[in-house]
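Take a look at the structure set out below.
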Amino acid sequence: MISEFRAFIFRGNIVDLAVAVVIGAAFGAIVTSLVADILTPLLGLIGIPDFATWVIKVGDAEMRIGAFLNTLISFVMIAAAIFFFVVKPMSMLQSEADESPAGPTEVELLTEIRDALRQNAA
């Protein structure tokens, strides 16, 4: 049973997934810092205020509308940061890699093999 568990743990997918989670968490911290420390302060320059103090009282309860709006703005900014700083550059790199000259197709290779075999047979 231990050997089966070991085989399960060291399967490529599990290790790859563990690495992806760790790198994803570290990257999430970088993106969160980018948004909180660099992009969000820039919102003040264009007149978007900090909504954190906006509260609506309903009886004894408080609906923290401002906190929700701040979270929503943060989400949109994180999505934009990921799109413009990760997705777009990666797609440009991907398109550059796709533009590289492709080798011969399978049909072309098979034709070359056939012709070489005919030449050797003759």
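The values are calculated or read from the model by the stated rules, or taken from the named source; none is laboratory data. What you are looking at is a predicted structure, and each value in this text was computed from that prediction instead of being measured. FYI the Cβ positions are ideal-geometry reconstructions off the backbone, even for glycines, and counts take in every protein chain you see.
Mind listing whichever residues of region 31-70 are without any contact (Cβ under 8 Å) to a residue 24 or more places away in the chain, surrounded by 12 or more Cβ atoms within 10 Å (Cβ to Cβ) and part of a helix (DSSP H, G or I)? Those that are without any contact (Cβ under 8 Å) to a residue 24 or more places away in the chain, surrounded by 12 or more Cβ atoms within 10 Å (Cβ to Cβ) and part of a helix (DSSP H, G or I): ILE65, GLY66, ALA67, PHE68, LEU69, ASN70.
Hey, any hits in region 92-104 for a residue that's among the hydrophobic types (A, V, I, L, M, F, W, C), within 28 Å of the chain's Cα centre (by Cα) and outside any helix (DSSP H, G or I)? The answer is yes, given that some residue of region 92-104 is among the hydrophobic types (A, V, I, L, M, F, W, C), within 28 Å of the chain's Cα centre (by Cα) and outside any helix (DSSP H, G or I).
For the residues ILE23, ILE56, ILE9, the requirement of being at pLDDT below 80, β-branched (Val, Ile, Thr) and more than 17 Å from ALA80 (Cα to Cα) singles out ILE9. Within region 75-102, the set of residues being among the hydroxyl-bearing types (Ser, Thr, Tyr) and at pLDDT 80 or above comprises SER91 only.
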